[in-house]
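The structure appears right after this line, and notes come after that.
No value in this document is a laboratory result; all are computed from the given coordinates. Not measured: the values here are computed from a predicted model. Reconstructed Cβ throughout: ideal geometry from the backbone, glycine too, with neighbour counts over all protein chains shown.
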Amino acid sequence: MNNPLKRFIFILTISVAVIFGLHILYLHFNNSPLFAHKIIPAYIMNYVLALSVYTLLYSFRAKFKTQLGFLFMAGSFLKFILFFIFFYSSYKADGDINTLEFSSFFIPYMICLVVETTSLVNLLNNLK
């Protein structure tokens, strides 16, 4: 796969699917609710945002070569804002964010961030 965008989509999709499966399996074996704490919206939102941010960066890689890092940080800021809009209030509704709530958002966030950052580093290293 020579196209960095196609490679990113493939790696991101496989990574998120595998981690989601392992996450659900872990919840199952610990007798925890499988689909509570907005786990599916968290995985979907993080996947879509990582895909969107990287696609945007890939599209503007030649025109804004020196600003790609700032665009990446803007994408991270957007993820932060959307977390507070869609997840924080329901997680904090009982006055506490427990481990299951935290992991429901943080695990997909981290896997997407790692894949996105690694792919961006590779993209920047290959720019001429």
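Tabulated data for the structure shown
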{"item": "The chain - percent relative contact order, Cα under 8 Å, separation 6 or more", "result": "44 percent"}
{"item": "Angle in degrees between helix 68-83 and the longest Cα principal axis of the chain, rounded to the nearest 10", "result": "20 degrees"}
{"item": "Dipole magnitude of the chain about its Cα centre (Cβ charges: Lys, Arg +1; Asp, Glu -1), debye to nearest 20", "result": "720 debye"}
{"item": "Convex hull (Cα only) mean projected area of region 1-66, reported in nm² to one decimal", "result": "5.5 nm²"}
{"item": "Partner aspartates and glutamates for K38 [C-alpha distance under 20 Å; skip if fewer than 8 residues away on the same chain]", "result": "D94, D96, E101"}
{"item": "Cα gyration tensor shape for region 4-125, rounded if a/c is under 1.5, else prolate or oblate", "result": "oblate"}
